[in-house]
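**Q** This is the structure I have questions about; it appears just below.
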Amino acid sequence: EDNGIGIPTDSINHIFSMFYRGAHQEFGSGFGLYNVKDALAKINGSIQVESKEGAGTNFKVIIPGK
């Protein structure tokens, strides 16, 4: 969880897409969140995001147990 600028509502559906970068990004490949979601899917895990512009973003990673 952070207290940054948050993710705009119209971007939330795209943040896990390969090569997607937010409008305020100067650096990065747009591959990080895609990679995380892909790796989690391979072990039947998942990632969830909640964000509010101006208030920050919270990512929840779910890793299944044995």
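The values are calculated or read from the model by the stated rules, or taken from the named source; none is laboratory data. Owing to the predicted nature of the structure, the values given are computational and were not obtained by experimental measurement. Neighbour counts are summed over all protein chains in view; Cβ atoms, including those assigned to glycine, are modelled from backbone coordinates with ideal geometry.
Residues are listed down the side, and each one gets a yes or a no for (1) at positive phi; (2) at pLDDT 90 or above:
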{"position": "GLY6", "(1), (2)": "yes, yes"}
{"position": "PHE16", "(1), (2)": "no, yes"}
{"position": "GLY22", "(1), (2)": "no, no"}
{"position": "GLU50", "(1), (2)": "no, yes"}
{"position": "PHE59", "(1), (2)": "no, yes"}
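**Q** Among the residues of the range 4-38, write down those that are among the hydrophobic types (A, V, I, L, M, F, W, C), out of contact with any Ser or Thr (no Cβ under 8 Å at 6 or more places or on another chain) and more than 17 Å from THR57 (Cα to Cα).
**A** If the condition is that a residue be among the hydrophobic types (A, V, I, L, M, F, W, C), out of contact with any Ser or Thr (no Cβ under 8 Å at 6 or more places or on another chain) and more than 17 Å from THR57 (Cα to Cα), then MET18, PHE27, PHE31 are the ones that fit.
**Q** Counting only residues that are in a helix (DSSP H, G or I) and in contact (Cβ under 8 Å) with a residue 40 or more places away in the chain, how many does the range 1-35 have?
**A** Adding up the residues that qualify gives 1.
**Q** Let me ask something else about it. Counting just the residues of the range 36-66 that are within 10 Å of the chain's Cα centre (by Cα) and assigned to a helix (DSSP H, G or I), which one comes out surrounded by the fewest Cβ atoms within 10 Å (Cβ to Cβ)?
**A** Only one residue fits best here, namely VAL36.
**Q** Could I ask something else about it? Tell me which residues, restricted to the range 1-35, are among the small types (Gly, Ala, Ser), closer than 23 Å to ALA55 by Cβ and more than 12 Å from the chain's Cα centre (by Cα).
**A** The answer is GLY4, ALA23, GLY28.
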